[in-house]
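A quick write-up on the structure given underneath.
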Amino acid sequence: MQLIDGKKIASEIKKEIAGEVLKIKENGGKVPHLAAVLVGHDGGSETYVAFKIKDCQEVGFKSSLVRFEDDVTEAELLAKVEELNNDPDIDGFIVQLPLPKHISEQKIIEAIDPKKDVDGFHPVNVGRMVIGLPSFVSATPYGIVELLKRYQIETNGKNCVVVGRSNIVGRPLSVLLSQKGINATVTVAHSRTANLEQVCASADILVAAIGSPEFITAGMVKKGAVVIDVGTTRVPAPETKSGWKLKGDVKFDEVAPKCSWITPVPGGVGPMTRVALLQNTLLAVKGW
Ligand code: NAP
């Protein structure tokens with residue numbers, strides 16, 4: 001068994017991006033500028049946005065944080081999206097989800113200029129990705145594909161099972177893995193899948209994007225499989241300073257010995273998700 005070290009690869013990619021930014025500066029080009037819109041004070045969202053700003057600083061991007069309180073109206077948020085769409089200094093921006101219940105997330109996503117939609121959630125970007133056109137690809141699937149490529153993990157003709165069909169992880173990842181160039185034969189599994197255990201055990205590459213800690217057990221994994229664990233659930237851990245730790249969807253201790261390659265949690269897919277947003281922001285300067 002070998003570990004797929006997302007932390008290491010993400011740090012290499014960050015160095016590459018920082019190098020690109022230096023070149024841009026030397027040539028008098030435009031330094032990438034990412035804006036993040038944060039509504040309210042949800043702990044998870046605060047942390048994610050703080051990481052995004054910190055990542056920008058590390059690679060030399062400009063960043064801006066736009067904050068609203070929980071009681072912001074949908075109209076006010078739409079007006080801000082429009083302002084960012086029209087601001088020539090902003091190359092890309094994200095609106096951190098989830099949003100308060102009185103605001104339609106879909107309406108906000110669809111108001112973002114697809115050329116600035118570095119989260120890749122706008123239907124135009126999803127559609128372009130599906131038909132293989134250049135697009136912003138949502139960060140987690142982008143990061144996973146990058147990991148497979150950089151570890152030179154064979155995907156051609158492999159049976160790939162993606163457990164989870166969300167719009168931000170499972171669904172787009174399943175499309176990417178089946179594309180020309182990657183060439184996997186993909187099955188998308190979900191909560192209504194029959195015989196899930198056998199379906200998973202048929203996978204050469206198994207991706208778990210469920211959100212259920214330690215759901216994937218050794219009996220669901222073929223010997224020699226590649227296992228990508230997307231799950232990040234906070235579970236109580238009194239021994240840690242924060243009182244919690246992250247658990248993946250894979251029962252690591254019993255699954256890892258059966259695998260050829262496996263991602264750890266934390267330190268696998270998470271850091272790649274963060275760096276993918278930077279890759280999209282760099283792309284936003286040139287445009288797709
Ligand atoms: P989600 O929107 O809740 O989707 C979960 C998917 O899992 C759904 O498609 C659901 O099926 C399926 N599922 C749930 N229970 C199942 C079961 N018993 N058997 C088979 N399938 C089942 O979650 P998500 O946003 O995709 O995120 C998934 C996990 O990845 C979460 O832990 C999240 O925190 C984590 N995540 C991590 C990163 C990272 O950077 N590491 C990024 C994004 C998400 P149905 O569609 O039938 O309900």
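The values are calculated or read from the model by the stated rules, or taken from the named source; none is laboratory data. It should be emphasised that the depicted structure is a prediction, and the values quoted were computed from it without experimental measurement. As a convention, Cβ positions derive from the backbone with ideal geometry for all residues, glycine included, and neighbour counts pool all protein chains shown. We work out accessible area using only protein heavy atoms, side chains counted, and drop any ligands, DNA or RNA first. Shrake-Rupley method; radii C 1.70, N 1.55, O 1.52, S 1.80 Å.
Details
- With 0.36 nm allotted per residue and the present C-alpha distance subtracted, the K180-I24 stretch has 53.0 nm of extension available.
- Rounded to the nearest 10 degrees, the angle from helix 43-59 to the longest Cα principal axis of the chain is 70 degrees.
- Using alpha carbons only: equivalent-ellipsoid semi-axes of the stretch 139-270, gyration tensor based, whole Å: 23, 16, 14
- Within the stretch 238-287, the trypsin sites (Lys or Arg not before Pro) that combine a DSSP coil assignment with at most 16 other C-beta atoms in a 10 angstrom radius are K241.
- Loop-located GluC sites (Glu not before Pro) in the stretch 185-265 (DSSP state other than H, G, I, E, B) with a sparse environment of at most 11 neighbouring Cβ atoms within 10 Å: E239.
- Computed over protein heavy atoms with a 1.4 Å probe, the accessible surface of the chain works out to 48 Å² per residue.
- Label-to-label distance, nm, for residues given as N159 and K101 (7 Å Cα→Cβ offset): 4.4
- Largest GNM mean-square fluctuation across L177, L147, L133, computed for the chain with C-alpha springs under 10 Å, falls on L133.
- Using a Förster distance of 22 Å, the FRET efficiency for A237-S260 (Cβ separation, nearest 0.05): 0.15
- Three semi-axes describe the equivalent ellipsoid of the chain; taken as square roots of 5 times the Cα gyration tensor eigenvalues and ordered largest first, they are 32, 21, 19 Å.
- DSSP bridge pairs, the chain: antiparallel proportion in percent, nearest 5: 10
- Mean-square fluctuations from a GNM of the chain, with a 10 angstrom spring cutoff on Cα atoms, peak among A35, A237, A256 at A237.
- Theoretical ellipticity at 222 nm over the chain - DSSP helices of four or more residues, -39500 (n - 2.57) apiece, nearest 500: -12000 deg cm²/dmol
- Axis angle, to the nearest 10 degrees, between helix 74-86 and the longest C-alpha principal axis of the chain: 80 degrees.
- The stretch between D71 and E83, if pulled fully straight at 0.36 nm per residue, gains 2.4 nm over its current Cα-Cα span.
- Reachable lysines, given that their alpha-carbon falls under 19 Å from the alpha-carbon of K7 and they are not under 8 places away in the same chain: K15, K52, K54, K149, K245, K247
- Span from the the stretch 253-272 Cα centroid across to the the stretch 78-92 one, whole angstrom: 38
- Label zone of S191 (point 7 Å out along Cα→Cβ, amide N under 19 Å): in the stretch 92-132 this covers 98.
- Kirkwood hydrodynamic radius (C-alpha pairs) into Stokes-Einstein, the stretch 1-129, 20 °C and 1.002 mPa s, D in µm²/s: 133
- Remark: the stretch 252-258, residue by residue, has Karplus-estimated 3J(HN,Hα) of 4, 4, 8, 7, 3, x, 8 Hz, where x stands for each Gly or Pro and the curve is 6.51 cos²θ - 1.76 cosθ + 1.60 at θ = phi - 60°.
- Take the Cβ atoms of T47 and M1, set R0 to 30 Å, and the FRET efficiency comes out at 0.45.
- Rounded percent of accessible protein surface that carbon and sulfur make up, the chain, 1.4 Å probe: 53
- Shown here for the stretch 69-130: trypsin sites (Lys or Arg not before Pro) in loop regions (DSSP other than H, G, I, E, B) with at most 14 other Cβ atoms within 10 Å, namely K101.
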